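Below: the structure, in structure tokens.
The values are calculated or read from the model by the stated rules, or taken from the named source; none is laboratory data. Here the structure is a predicted model, which is why all the values come from computation and not from measurement. For neighbour counting, all protein chains shown are included, and Cβ atoms are generated from backbone atoms with ideal geometry for every residue, glycine included. When the accessible area is computed, the model is the full protein with side chains, heavy atoms only, and any ligands, DNA or RNA have been set aside. Shrake-Rupley method; radii C 1.70, N 1.55, O 1.52, S 1.80 Å.
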Amino acid sequence: MCDNAKTFVGAKRELDDLAKLFCDQQFHEAVVRDAAKESIEFKFIPPRSPNFGGLWEAAVKSFKTHFKKTIGLRVLQHDEFVTVLVQIEACLNSRPLTPLSSDPNDLDVLTPGHFLVQRPLAAVAEPDLAEVPENRLSA
């Protein structure tokens, strides 16, 4: 439910027009024709078959596992949500891909983070401040 402000009424009208456009067969054919002209080929995996997605679905599964174990049933504020997403991203992009040298004493490994920022993204864990009263926290 929302008030009858012009922006909401206009947004509803735009969304209705967009829904009609996506249902229009001519629009669908135009998208397919333009995609063919640009040599864009759409390939879809079968529905509800993430095992067909290969590597990217494995990454999605890893993210979902971390996210569900971290969040549980809690509802987060926007800033908390973004923080959790970034920390999970850093965790996943810090997984080792291959050793950097053949020396068994060298424990440095190549990670996806090296391709992003030339180093692993994992940082030292921050202390849990959930039990500290807010008036004792400094900005």
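Observations on the model:
- The conditions of being at pLDDT below 90, open to solvent by less than 80 Å² (accessible area, probe 1.4 Å), β-branched (Val, Ile, Thr) and under 24 Å from the mean Cα position of the chain (by Cα) are not met by residue 65.
- Residues (open to solvent by less than 100 Å² (accessible area, probe 1.4 Å) and not acidic (Asp, Glu)) located in the range 9-27: 9, 10, 11, 18, 19, 21, 27
- Among residues of the range 94-139 being polar (S, T, N, Q), exposed (fewer than 12 other Cβ atoms within 10 Å of the Cβ) and assigned to a loop (DSSP other than H, G, I, E, B), the one that is modelled with the lowest pLDDT is 138.
- Candidate set from the range 35-52 (those that are open to solvent by less than 80 Å² (accessible area, probe 1.4 Å) and assigned to a helix (DSSP H, G or I)); member that is modelled with the highest pLDDT: 36
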